[in-house]
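First comes the structure, then the notes that go with it.
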Amino acid sequence: MHSTVTNMTVDCANAYQLALFWSEVTGRPLDPEDKPGEDETEIELPGGLALHFNEVPEPKAGKNRLHLCLRPDTSRDAEVERLLALGASLVADHRKPNGWGWVVLADPEGNEFCILCSESERAALPSMSS
């Protein structure tokens, strides 16, 4: 027996606005039935997993206990700059001089997520044990 993850839910103050941000991040459209002012919206990701945005009355308090790690199809640093321009904010920079590492960003409502090295960057980096 097992369970299948069908969606990751993000509690938020404005579901539609936050979903628009994540639509730009992922390059995936909002569900065509979602409209401004709705208290739930969704973005379907490749493979069937969805990002679901659900409005809740309480504000975010503290660090996320679960977060997304994103691997860009461009470089890590270019993706960080793109997402900062979209409205993300820098939380922590864990980039290493040898090219390894990640950057922690937060979406416009403060939900943290990581930007990792792209696959091509990983292939070109020295071994982690070096």
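The values are calculated or read from the model by the stated rules, or taken from the named source; none is laboratory data. Everything numeric in this text was worked out from a predicted model, so none of it was measured. Cβ placement follows ideal geometry from the backbone for every residue including glycine, while neighbour counts extend to all protein chains displayed. Accessible surface areas use protein heavy atoms only, side chains included; no ligands, DNA or RNA. Shrake-Rupley method; radii C 1.70, N 1.55, O 1.52, S 1.80 Å.
Values as computed for the structure displayed
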{"item": "Subset tally (residues that are among the polar types (S, T, N, Q) and out of contact with any Phe, Trp or Tyr (no Cβ under 9 Å at 6 or more places or on another chain)) for the stretch 18-64", "result": "3"}
{"item": "Output for the stretch 100-113, where each listed residue is farther than 14 Å from Asn64 by Cβ and touching a helix residue (DSSP H, G or I) at 6+ places or on another chain (Cβ under 7 Å)", "result": "Val103, Pro108"}
{"item": "Among (1) free of Cβ contacts under 8 Å to residues at least 60 places away in the same chain; (2) closer than 21 Å to Met8 by Cα - the single one Asp107 does not satisfy", "result": "(1)"}
{"item": "Set Pro29, Pro36: member being more than 17 Å from Pro108 (Cβ to Cβ), open to solvent by 40 Å² or more (accessible area, probe 1.4 Å) and without any contact (Cβ under 8 Å) to a residue 40 or more places away in the chain", "result": "Pro29"}
{"item": "Residues of the stretch 48-70 satisfying the condition of being within 23 Å of Ile115 (Cβ to Cβ) and open to solvent by less than 90 Å² (accessible area, probe 1.4 Å)", "result": "Leu49, Ala50, Leu51, His52, Phe53, Lys60, Gly62, Asn64, His67, Leu68, Cys69, Leu70"}
{"item": "Top-ranked residue of the stretch 3-26 - restricted to ones that are hydrophobic (A, V, I, L, M, F, W, C) and without any contact (Cβ under 8 Å) to a residue 60 or more places away in the chain, ranked as most open to solvent (accessible area, probe 1.4 Å)", "result": "Val5"}
{"item": "Leading residue by the ranking (most open to solvent (accessible area, probe 1.4 Å)) among those in the stretch 71-108 that are outside any loop (DSSP other than H, G, I, E, B) and not hydrophobic (A, V, I, L, M, F, W, C)", "result": "Glu81"}
